[in-house]
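The values are calculated or read from the model by the stated rules, or taken from the named source; none is laboratory data. Just so it is clear, the structure is predicted and the values come from calculations on it, not from any experiment. Quick reminder, even Gly has a Cβ in these numbers, built from the backbone with ideal geometry, and neighbours come from all protein chains shown.
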Amino acid sequence: MDAADHKHPNYVAVWGGLFVLTVIEVAAVYMRIPRHLLVLALLLLAAWKALLVALYFMHLRFEPKRLALVALAPLPLGVILVVAVLQEFAKR
Amino acid sequence: MTAAAAPHDAGLHAGHDDRPWLRRYVFSTDHKTIGIQFLFLSLTFLLLGGLMAMVIRWQLGFPGTPVPGGSVLPDAMAPGGVIRPSFYNALVTMHGTFMIFFAVMPLLTGVFANYLIPLKIGAPDMAFPRLNMWSFWLMIPAGTLALAGFFVEGGSAASGWTAYAPLSNSPLYTGVSAGQILWCLAIIIFGASSLLGSVNYIATVVNLRAPGMTWMRLPLSVWALFITAILALLAVPILAGAIIMLLFDQVLGTHFYLPTGGGQPLLWQHLFWFFGHPEVYILILPAMGIVSDVIANGSRKPIFGYTSMVFAIGGIAGLGFMVWGHHMFVSGMNPTLGTSFMASTMLIAVPTSIKVFNWLGTMWRGNIHFHVPMLNAIGFLSMFVIGGLSGIFMAATPVDMYIHDTYFIVAHIHYVLFGGSLFAAFAGIYYWFPKMFGREMHDGLGRWHFGLTFVFYNLTFFPMHLLGLGGHMRRLYDPTQYPFLAPMQPINVFVSVSAFLLMAAQLPFVVNFFWSLFRGPKAPLNPWRDNSLEWTVPSPPPHGNFVETPTVYRGPYEYSVPGELEDFLPQDRPAPARQEAH
Amino acid sequence: MAHAVQPAAPPAEEGIGVYTQKLGMWVFLASEVMFFTALIGTYIILRWGSAESWPVPQDILNIPLTAFNTFVLICSSVSMVKAYAAATHDDQKGLRLWLVLTVLAGATFVGVQLLEYRHLIHEGLLPSGIRDGSALAARLVDSGKLSATAAGLFGSAFFTMTGFHGFHVTCGVICMTFVTIKAFRGGYSGGRFHGVEVIGLYWHFVDLVWIILFTIVYLI
Amino acid sequence: MHWWIPTNASSYGGDVDRIFYIILYITGFVFLVVEGGLLVFLVRYRRREGRTAAYIHGNNTAEIIWTTIPAVIVVMLALLSQKVWSTVKDPAHFPADAIQIGVHVKQFEWQFTMPGPDGTLGTDDDIFRKNELHLVVGRNYAVQLTSQDVIHSFFIPAFRLKQDVVPGMTIVAWFRPTRTGAFDLACAQLCGVGHYRMQATVYVHSAEDFARWQAAQGTPAAAAAVATDTTMGSMAMPHSGGTR
């Protein structure tokens, strides 16, 4: 847990990545892309950005795997909730 | 690593205690003091909730007649002592709210998680003692706000503890406005308290275990409390989110659950039960953990199948997030979804039966000491079996179609929450009272309390199954209104009288508790000859718990080890001359 | 411990391998994920479950302004992580500079969001729906583009989700101000960087939530 | 005085009861085994001087057995339930020849719109009744449940049917009465102050009786007048008990 342990990736590069992805996202909205393709692309881009933040800014990449488990544990539950309830309302 | 990663109070160790009075007894950050504060708080709310139940039972047994002593109630609640329907609905709502959020949950997690986790894993205190203090002190405004509902215009929340929208959305439907808002605020603050507690319990168990206290050497009570904390951590925020939206529907005019504005009433039920079912396990898992400890101790035998007990707790918790729809079989939900929820619900019977059979296996060929905690643990086991089996009726969708929202459900939840959680809580209180207060409780009074409670408890709640099978709806102000229910009124009278006696049967406990608190004989270090670490420190343990961080050599259930002089082998005793048999 | 030669006591388990405050923050964030699941999930469910046609966000919201705000928040994340890097290198000057920038960026985000709210409310979008006779009502409802019901739901969900995110940013700015004050007093000198790292985790999480919210509420 | 499930009066009620009894026998057996075993252990292994408890940590075979048996039983129960469940609730299995009935509920009142002699709902000869539903024995009925305010629940104990009525949704439930007589219909979901008196009566007539009743109804206006008359009967009128 000493200073030697701290890995500092190139934060400015990550920032550049986030910036570019955001620009692509906003630009995509104003382009004529089929709706379902647009939604899929936007979700993927958002997931990519979120992953960049989690892995580099929040250092998940450099933490023990078990800590990543703490972070990931709630996600399947959220998916279960939303998918099940969507099924309910989509039927009507 | 324990000492290195110690909580904020660096250098905290037993023996030196120069905290001023206020920091010591009121705004204390000591997990033991906080645990005891939670004990008094939850027992107070337990009493309040119980009194409400008495009034409810009076109305059901003797509808339309004045409650004895009810003339003190204001006219808005009970003119001339006769309960108004609106007050009845408020009582039903607040009985559930108090019992679940302010009595049983703090009793099991607040008291036992706080008091036991650090002591049992060999830590000086919680990971975040100051947050822990806040966790307790947030409960005071939460409870006060909930209680305040009774004294505002329109009375307290009256849409059930489940607060089904849109009934709970608008004063148009219930006549309650401020009361419902206060209820929402109270539960949101309660959620914050629960969150602080959960973060603490999880971080403490993960990072503050003493050397040698491996995961598979944790007492099952700690395992259960740990997994409960995870459940609360992930489930309570969903409730907070749902209630915030409910609150906004009332005060900001949003339309989340209001069909007139395009909202979805069933959305509330999904969110509520997505929290609500894990909540049920939050209320029962710690009880299972406590009972596991007590049964192994009382039987003087290692717990049967420790590993599968741990996995069963985990399995119940995991399944708990996938079964919420079984509360909504008749809600108008998609029938296909209902089928999947029935399947997942049925599966819960598997880990549950593992636990029950393993407890029986623990007693098998034991040397059973019927001390008072053990009696209560046996009470838990026998009653939980009934509660568990009656659950299968509800899991079967066609049968649920008939018994849903009837007294069968009421019987089931009370078999699980009273027969289960409360008997376990009593077992825990009797078991750890000597450690908490340094004095022993009176044995005879304890036996009377258990015996009377066990008898009247069954006389109160078992007939409710019959009422439910007769079709008796729950939350019904006056059952004699219905031609098909009126013939069953004698059962209602019987249940009510039993309930009053059940309440009276708690008197020995109250007397015992307070008498022992001040006059009980001095408790020895380890009255139950238990292996766990809390019994190696003085009763009550000093601030900082352990003078020297203990080292753990074995699991907590090494009773009757062949070749040992005594029938127990504490976790921190260096290994005996011979190798551990495994 | 004369008996330590016995094999019965293995070395202490290392816990999870991170210090307790960091673990605590991660556990807390797991809970926050569930909280935002409730809100974002509700939005998704109401939108897909809604019988009426849902408003196109661009018709109501100011996308370029919010894109700028997103940029500000991303910048604040970088400055935060820079502050943390400075703290681990015991670079006090850098730490203070980056923390101040982070607080400013956070405050800017909240400020812009408040301006956006003021504008939207002025236009006629309220948590309870679209105000009758407002500019927005004239543009959308009266011209038959949108039913008032769907617009009402949109207002409910929009203000609740972004409002709770804004509340989290505000809490972050307040905490960060305290951290900054402590940094100026030398509270993080000599390799004491835990406080900065832990608040940083919260800050990045709030940024992460915004990335999701921005996509779901403003873009899709 | 009945202390048990009321006698069944619907086509699928018998199936529901059958599953109930199967579960009752299984759980009753398990109950006896577990509680009996517990009692035997408590007596047999009670503390005695000189006895030492066995030093056993578990038994994998035993645990596998008592994991598998409940698993098999519950899977069986789930399969058994599934069939009845889809018969009752799955719209794909609703009988095609069902007579449609409109059920609109609002706080503390059931409003039934029954088709008149032409047999179709939504025509001029519809018969409207409050808190009173008239059916012919042996016919299939589909009730279209709608609510004006909050969630109520359509519960006919004798039919073993319960279905919540949710505002903003039209939920259809079906049943076929198999016995004539008057049956209680109750609201099973807390719906406000008057929840306890939100009751109605279901009259199941023989075909001849029903024809006679229907003929007596005449115009909807006349029906309203008759409704007041019939509801005065002791079956459907709420007692004036409770608070005064």
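Any chance the range B:374-396 includes a residue that's of a type in the set (Gly, Ala, Ser), surrounded by fewer than 24 Cβ atoms within 10 Å (Cβ to Cβ), within 7 Å of chain D (Cβ to nearest Cβ) and farther than 27 Å from D:Phe154 by Cβ? Yes - at least one qualifying residue is present in the range B:374-396.
Within the range B:42-60, is there a residue that is hydrophobic (A, V, I, L, M, F, W, C) and either within 18 Å of B:Tyr115 (Cα to Cα) or modelled with pLDDT under 90 (or both)? Yes - at least one qualifying residue is present in the range B:42-60. The residues listed here are B:Phe150, B:Phe101; of these, the one that is outside any loop (DSSP other than H, G, I, E, B), away from chain D (no Cβ under 14 Å) and under 20 Å from the mean Cα position of the chain (by Cα) is B:Phe101.
Taking the range B:469-498 as the range and being more than 7 Å from chain D (Cβ to nearest Cβ) and in a loop (DSSP other than H, G, I, E, B) as the test, the residues that pass are B:His472, B:Arg474, B:Leu485.
Please identify the pairs in which a residue from the range B:324-340 that is free of Cβ contacts under 8 Å to residues at least 40 places away in the same chain has its Cβ atom under 7 Å from the Cβ atom of a residue that is part of a loop (DSSP other than H, G, I, E, B) and not acidic (Asp, Glu), counting only partners at least 6 apart or on another chain. Listed by first residue and then by second, the contacts come to B:Asn334/A:Lys91.
The set of residues from the range B:22-59 being surrounded by fewer than 19 Cβ atoms within 10 Å (Cβ to Cβ) and assigned to a loop (DSSP other than H, G, I, E, B) comprises just one member, B:Phe27. None of B:Ile303, B:Ile313, B:Ile244 is within 28 Å of C:Ala157 (Cβ to Cβ), modelled with pLDDT of 95 or more and of a type in the set (A, V, I, L, M) except B:Ile244. The requirement of being of a type in the set (Phe, Trp, Tyr) and buried (at least 21 other Cβ atoms within 10 Å of the Cβ) is fulfilled nowhere in the range C:111-124; no residue meets it.
So which of B:Ala523, B:Ala504, B:Ala486 is small (Gly, Ala, Ser), surrounded by fewer than 16 Cβ atoms within 10 Å (Cβ to Cβ) and under 28 Å from the mean Cα position of the chain (by Cα)? B:Ala504 is the lone residue from the list that is small (Gly, Ala, Ser), surrounded by fewer than 16 Cβ atoms within 10 Å (Cβ to Cβ) and under 28 Å from the mean Cα position of the chain (by Cα).
Checked against (1) of a type outside the set (D, E, K, R); (2) more than 14 Å from chain B (Cβ to nearest Cβ); (3) under 21 Å from C:Asn69 (Cβ atoms), C:Ser189 meets all criteria but (3). For the range B:189-218, a residue qualifies if it is in a loop (DSSP other than H, G, I, E, B) and either farther than 17 Å from B:Met126 by Cα or charged (D, E, K, R) (or both), and the qualifying residues are B:Arg209, B:Gly212, B:Thr214.
From the list C:Phe178, C:Phe164, the one residue that fits, being of a type in the set (Phe, Trp, Tyr) and either facing another protein chain (nearest Cβ under 9 Å) or in a loop (DSSP other than H, G, I, E, B) (or both), is C:Phe164. Every test in (1) within 17 Å of B:Leu234 (Cβ to Cβ); (2) facing another protein chain (nearest Cβ under 10 Å); (3) over 17 Å from the mean Cα position of the chain (by Cα) is passed by B:Pro278 save one, and that test is (3).
Of all residues in the range A:10-64, those satisfying the criterion of being among the β-branched types (Val, Ile, Thr) and under 15 Å from C:Tyr218 (Cα atoms) are A:Thr22, A:Val23, A:Ile24, A:Val26, A:Val29, A:Val39. Of all residues in the range B:65-81, which are in a loop (DSSP other than H, G, I, E, B) and either under 16 Å from B:Ser496 (Cα atoms) or polar (S, T, N, Q) (or both)? Result: B:Thr65, B:Pro66, B:Val67, B:Pro68. Determine if the range B:255-265 includes at least one residue that is touching a helix residue (DSSP H, G or I) at 6+ places or on another chain (Cβ under 7 Å), aliphatic (A, V, I, L, M) and within 30 Å of D:Arg44 (Cβ to Cβ). No, that holds for no residue. I'd like to check something: does the range C:128-151 contain any residue that is more than 10 Å from every other protein chain (Cβ to nearest Cβ) and within 26 Å of B:Ala242 (Cβ to Cβ)? There is at least one residue in the range C:128-151 that is more than 10 Å from every other protein chain (Cβ to nearest Cβ) and within 26 Å of B:Ala242 (Cβ to Cβ).
Of the residues making up the range C:206-218, just one is within 7 Å of chain A (Cβ to nearest Cβ), among the hydrophobic types (A, V, I, L, M, F, W, C), buried (at least 23 other Cβ atoms within 10 Å of the Cβ) and touching a residue at least 40 places away in the same chain (Cβ under 8 Å), namely C:Ile211.
Within the range C:75-86, is there a residue that is more than 14 Å from chain B (Cβ to nearest Cβ), of a type outside the set (Ser, Thr, Tyr) and without any contact (Cβ under 8 Å) to a residue 12 or more places away in the chain? Checked the range C:75-86: at least one residue is more than 14 Å from chain B (Cβ to nearest Cβ), of a type outside the set (Ser, Thr, Tyr) and without any contact (Cβ under 8 Å) to a residue 12 or more places away in the chain.
For the residues D:Thr170, D:Thr178, the requirement of being more than 7 Å from every other protein chain (Cβ to nearest Cβ), of a type in the set (Ser, Thr, Tyr) and over 23 Å from B:Gly263 (Cα atoms) singles out D:Thr178.
Mind listing just one residue for me: the one in the range C:145-181 that is over 19 Å from the mean Cα position of the chain (by Cα) and loosely packed, with under 15 Cβ neighbours inside 10 Å and, of those, farthest from C:Phe28 (Cα to Cα)? The selected residue is C:Lys145.
Taken as a whole, the structure places D:Ile156 among residues that are at pLDDT 95 or above, closer than 29 Å to B:Thr336 by Cα and within 12 Å of another protein chain (Cβ to nearest Cβ). Per this entry, C:Gly195 is not counted among residues that are touching a residue at least 12 places away in the same chain (Cβ under 8 Å), in contact with a Leu (Cβ under 6 Å, 6 or more places away or on another chain) and within 14 Å of chain B (Cβ to nearest Cβ). When restricted to residues that are in a helix (DSSP H, G or I), touching a residue at least 60 places away in the same chain (Cβ under 8 Å) and facing chain D (nearest Cβ under 7 Å), the range B:355-373 contains 1.
If I filter the range D:55-67 down to residues being crowded, with 16+ Cβ neighbours inside 10 Å and hydrophobic (A, V, I, L, M, F, W, C), which single residue comes out as farthest from the other protein chains (Cβ to nearest Cβ)? It comes out as D:Ile56.
Going by the conditions given, is B:Met322 facing chain D (nearest Cβ under 9 Å) and either touching a Ser or Thr at 6+ places or on another chain (Cβ under 6 Å) or hydrophobic (A, V, I, L, M, F, W, C) (or both)?
When the stated conditions are applied, B:Met322 does not pass them.
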